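Note sheet for the following structure.
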Amino acid sequence: MGIIEKLRLDGKKAFVTGGARGIGKAIATALAEAGADVAIVDVDIDEAQKTAQEIAAANGCKTLALKCDVTDKEQVDATIAEIRGQFGRIDAAFCNAGICINVPAEEMTYEQWKKVIDINLNGVFLTAQAAGKVMLEQGAGSIINTASMSGHIVNFPQPQCAYNASKAGVIMLTKSMAVEWAKKGVRVNCISPGYIGTDLINNAEHLKPLIKIWNEQGPLGRLGSPEELQAIAVYLAGDSSAFTTGSDFVIDGAFTCV
Ligand code: NAD
């Protein structure tokens, strides 16, 4: 079998948190195009349903749309149980839901701090733990967390201490779980994107003037697109990445190199 065939995900069952739009939607689309059935997990159930329908219609695969707040352990556990019940197993889990709040450290309220840490770090822990338990029983599975280049560098000029701290946490959580579960068949990796043109950036009025600055800061001179993260998602979800665990893939157009 050639490498392109090996990269296919036929028969695989996957889910993506924050899958309704942006990076999560692009990942879910890619998994379906590669042959997987995919559950779209999101707090925004209307958009999740639209995305699930769109992906099923385009690829003829089975999709699910499930409402879940990743900060709520009961909801997360119930959602993972539902996916396993409907699909029979879980081969790939993308813990991707995240938010950003841009407030100077001295002005950030404790509520704002906790909200970012809760969704971006605690949410990834709860989701990866619940999916990990299923995969440990199966003796196989791949977990992919969405970190960020902001887990490696401090963004400038916009302040985002909670976001940066949460993403650095996701990278070490990824490596910790990877080591604990390595011999049990469960792989854990993360992707660390640079600036990607999604609602997270495009809908934030205060960030729009910064796009020009980021383009000047970055060697490629442009933002990335969600589609430019699809190939790595397919690779990490499938068996051709069997030796890849505990890795953090920085895909940032060389932003963190300078
Ligand atoms: P987005 O805002 O376009 O989409 C995020 C999705 O997550 C939304 O559908 C939203 O409803 C969902 N979500 C938010 N809170 C949730 C919760 N508590 N439970 C379940 N779902 C929830 O954002 P995006 O740009 O696609 O970002 C996706 C991930 O990529 C995030 O973790 C983000 O931090 C990370 N990231 C984004 C960029 C970027 O430049 N866009 C760069 C690096 C990393």
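The values are calculated or read from the model by the stated rules, or taken from the named source; none is laboratory data. As the structure is a computational prediction, the values presented were derived from the model and not from experiment. Backbone-built Cβ (ideal geometry, glycine too); neighbour counts: all protein chains shown. Accessible surface is based on the protein model in full, side chains and every heavy atom, while ligands, DNA and RNA are left aside. Shrake-Rupley method; radii C 1.70, N 1.55, O 1.52, S 1.80 Å.
Condition test on ILE55, is it outside any loop (DSSP other than H, G, I, E, B), open to solvent by less than 70 Å² (accessible area, probe 1.4 Å) and of a type in the set (A, V, I, L, M, F, W, C)?
Numbers: outside any loop (DSSP other than H, G, I, E, B): yes; open to solvent by less than 70 Å² (accessible area, probe 1.4 Å): yes; of a type in the set (A, V, I, L, M, F, W, C): yes.
Yes: the conditions hold for ILE55.
Can you report the number of residues in segment 222-258 which are touching a residue at least 60 places away in the same chain (Cβ under 8 Å), under 21 Å from ASP37 (Cα atoms) and assigned to a helix (DSSP H, G or I)?
Number of matching residues: 13.
Counting only residues that are within 19 Å of PRO193 (Cβ to Cβ) and open to solvent by 10 Å² or more (accessible area, probe 1.4 Å), which one in segment 10-29 is farthest from the ligand (Cβ to nearest atom)?
THR29
Identify all residues within segment 34-59 that are free of Cβ contacts under 8 Å to residues at least 40 places away in the same chain, more than 11 Å from the ligand (Cβ to nearest atom) and in contact with a helix residue (DSSP H, G or I) (Cβ under 6 Å, 6 or more places away or on another chain); write none if there are none.
Passing the criteria: VAL38, ILE55, ASN59.
Scan segment 223-232 and give yes if some residue there is among the charged types (D, E, K, R), modelled with pLDDT under 95 and either more than 17 Å from LEU200 (Cα to Cα) or surrounded by fewer than 20 Cβ atoms within 10 Å (Cβ to Cβ) (or both), otherwise no. Explain how you work it out, then say what you get.
Going residue by residue through segment 223-232, those that are among the charged types (D, E, K, R) are 227-228.
When the remaining residues are screened for being modelled with pLDDT under 95, the result is none.
No.
With the checklist (1) assigned to a helix (DSSP H, G or I); (2) over 22 Å from VAL70 (Cα atoms); (3) not polar (S, T, N, Q) in hand, flag the one item MET177 doesn't pass.
The failed condition is (2).
Consider SER225 against the criteria (1) out of contact with any helix residue (DSSP H, G or I) (no Cβ under 7 Å at 6 or more places or on another chain); (2) polar (S, T, N, Q); (3) more than 14 Å from the ligand (Cβ to nearest atom): it satisfies all of them except one. Which criterion is unmet?
(3)
Failed condition for TRP181, given (1) open to solvent by less than 40 Å² (accessible area, probe 1.4 Å); (2) within 19 Å of the chain's Cα centre (by Cα); (3) under 30 Å from ASP10 (Cβ atoms), with all others met?
(2) is the only condition that TRP181 fails.
Tell me, which strands (runs of 3 or more DSSP E) lie completely within segment 63-165 with 2 or more residues that are among the polar types (S, T, N, Q) and surrounded by 20 or more Cβ atoms within 10 Å (Cβ to Cβ)? Before you say what the answer is, go through the steps one by one.
Numbers: elements: 63-67, 92-95, 141-146.
Passing ranges, in order: 141-146.
Only residues that are small (Gly, Ala, Ser) and touching a Leu at 6+ places or on another chain (Cβ under 9 Å): list them for segment 98-146, please. If you could, list the steps in order and put the result at the bottom.
Taking segment 98-146 as the starting set, the residues that turn out to be small (Gly, Ala, Ser) are 98, 105, 123, 128, 130-132, 139-142.
Within segment 98-146, GLY98, ALA128, SER142 qualify.
When ARG187 is evaluated against the numbered criteria (1) more than 8 Å from the ligand (Cβ to nearest atom); (2) part of a helix (DSSP H, G or I), which criterion, by number, is the only one it fails?
(2)
Tell me whether segment 234-241 contains one or more residues that are surrounded by fewer than 20 Cβ atoms within 10 Å (Cβ to Cβ) and within 16 Å of the ligand (Cβ to nearest atom).
no
Checking GLY169 against (1) farther than 18 Å from GLY24 by Cα; (2) within 14 Å of the ligand (Cβ to nearest atom); (3) buried (at least 22 other Cβ atoms within 10 Å of the Cβ), which test does it fail?
(3)
Might you let me know whether segment 198-221 holds any residue that is without any contact (Cβ under 8 Å) to a residue 60 or more places away in the chain and in a strand (DSSP E or B)?
No, segment 198-221 contains no residue that is without any contact (Cβ under 8 Å) to a residue 60 or more places away in the chain and in a strand (DSSP E or B).
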